[in-house]
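> Please see the structure below; I have some questions.
The values are calculated or read from the model by the stated rules, or taken from the named source; none is laboratory data. Just so we're clear, the structure is a prediction, and the values are computed from it rather than from any experiment. With ideal geometry, Cβ positions are generated from the backbone for all residues, glycine too; neighbour counts draw on all protein chains shown.
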Amino acid sequence: MKRVGILTGREATFPESIIRSINEKGNGEVVAEMVKFGGIRIDEERKYDVIIDRISHEIPYYRATLKRMALEGTYVINNPFWWSADDKFFNFSLAAKIGIAIPKTVLLPQQNYIPDITSESLRNLEFPLDWEGIVDYVGFPAFLKPFDGGGWKNVSKIHSLEELWSVYNQTGKLCMTLQEGIEFDQFVRCYCVGQEKVLIMPYDPTKPYLSGMQYVNVEDYLSPELHARVERDVITICKALGYDLNTVEFAIKDGIPYAIDFMNPAPDAELASVGEQNHKWIVEAMTEFIFKKLEKGFETPEYRWSAMLNPAAKAPKTPVKAAKSSTKTTEAKKAETSKVKKATDKKPATKKAGAE
Ligand SMILES: Nc1ncnc2c1ncn2[C@@H]1O[C@H](COP(=O)(O)OP(=O)(O)OP(=O)(O)O)[C@@H](O)[C@H]1O
Ligand SMILES: [Mg+2]
């Protein structure tokens, strides 16, 4: 018998639906249930063949537990190692390199730091930042948003440099990106399962978040060409990032789909929010993906330690190509601590700005 575990937060309908769907199809040979974790021993045995993770981004103990389970051969959707390593700014930069349209985006130094970080700790940071150069590149309107995160938290639309400084000054320790705002004609969110199945959902972000009014049902919303391009871009992105479950969002302007958010490894799938049709699609696609993989085997990534554990038996089915390493050296400008002055104008005052 194979076991599939669901690890979830407050959501209700997706866990219920996926458990029911897997159990119906599983006929007692594949069983799905909510997982239960307590103290995890270093010699913890494998309990699940697959775990669908919906919440470990919010609960570090779960993330650590899932890595431990992966060591035992449990296949976790999505890969907890990569999810831990990934961030949205890396995603934008990678996607741009592989031919996806991405709005101009700049990664910004944090506005504040943990107490022990002093001016001296930040000698490698340019100060003051070239704000004019940054906004000249990105333009207005722009979006100031975390380089990692979700749920529309700390996302702001910005129309001027003054507004940027004022909002940035509230961002504290969050690491933010400033991104060109796409004044879109159309907007879509796309589910992607198994890096191959795509559902394009017309979406209205002007409606309240999670209200159930955002997902709109419009037949033939995209032209056939645009539909094909969006589908292709979604698959390219998800293959590049290796996510088995993800949503990719596009703001479409003048026929160009700009990918603006595609690090959603636990995407919203609640009935009340995404609607019956989309909910049903994601439950069926995930069920099908899991059964196919249980039958044919999961292509688990190779880690340095996996070869040491049991080289012959645990060798991955598909060899993982070695990533090209880049040894580009950066001529780090030495920030002259002595010149760091207290920001007295409206420019953002970061911790390094001589707070001590
Ligand atoms: N570059 C942009 N151009 C136009 N609109 C944008 C842009 N970036 C963000 N937005 C708007 O802000 C919303 C939230 O931004 P984003 O998706 O990046 O954040 P999030 O917190 O990851 O959201 P979610 O949890 O819904 O995925 C988007 O759905 C979109 O409506
Ligand atoms: Mg989003």
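> Mind listing just one residue for me: the one in region 233-254 that is more than 16 Å from ligand 2 (Cβ to nearest atom), closer than 28 Å to residue 75 by Cα and among the charged types (D, E, K, R) and, of those, surrounded by the most Cβ atoms within 10 Å (Cβ to Cβ)?
Once the filter is applied, the top-ranked residue is 244.
> Further question on the same structure: Looking at the structure I just gave you, is residue 254 within 28 Å of residue 94 (Cβ to Cβ), assigned by TED's automatic domain parsing to the domain that holds residue 206 and at pLDDT 95 or above?
Values: within 28 Å of residue 94 (Cβ to Cβ): yes; assigned by TED's automatic domain parsing to the domain that holds residue 206: yes; at pLDDT 95 or above: yes.
Spelling it out, residue 254 is indeed within 28 Å of residue 94 (Cβ to Cβ), assigned by TED's automatic domain parsing to the domain that holds residue 206 and at pLDDT 95 or above.
Rundown of residues vs (1) surrounded by fewer than 20 Cβ atoms within 10 Å (Cβ to Cβ); (2) within 10 Å of ligand 1 (Cβ to nearest atom), yes/no style:
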residue	(1), (2)
175	yes, no
178	no, yes
187	no, yes
197	yes, no
204	yes, yes
214	no, yes
220	yes, no
224	yes, no
231	yes, no
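> Of all residues in region 255-268, count the ones that are more than 14 Å from ligand 2 (Cβ to nearest atom) and farther than 10 Å from residue 182 by Cβ.
So the first thing to find is which residues in region 255-268 are more than 14 Å from ligand 2 (Cβ to nearest atom), and the list is 255-257.
Checking which are farther than 10 Å from residue 182 by Cβ leaves us with 255.
Adding up the residues that qualify gives 1.
> Any chance you could count how many residues in region 185-220 are in contact with a strand residue (DSSP E or B) (Cβ under 7 Å, 6 or more places away or on another chain), polar (S, T, N, Q) and at pLDDT below 95?
1
> What is the residue count in region 152-173 for residues that are within 10 Å of ligand 1 (Cβ to nearest atom), within 18 Å of residue 107 (Cβ to Cβ) and either among the hydrophobic types (A, V, I, L, M, F, W, C) or touching a residue at least 60 places away in the same chain (Cβ under 8 Å) (or both)?
Residues flagged as within 10 Å of ligand 1 (Cβ to nearest atom), within 18 Å of residue 107 (Cβ to Cβ) and either among the hydrophobic types (A, V, I, L, M, F, W, C) or touching a residue at least 60 places away in the same chain (Cβ under 8 Å) (or both) within region 152-173 amount to 1.
> Considering each residue of region 193-228, count those that are touching a Ser or Thr at 6+ places or on another chain (Cβ under 8 Å) and polar (S, T, N, Q), and give that number.
Keep residues of region 193-228 that are touching a Ser or Thr at 6+ places or on another chain (Cβ under 8 Å), which gives 210-212, 214-215.
This time we only want the ones that are polar (S, T, N, Q), so: 211, 214.
Residues in region 193-228 being touching a Ser or Thr at 6+ places or on another chain (Cβ under 8 Å) and polar (S, T, N, Q): 2 in total.
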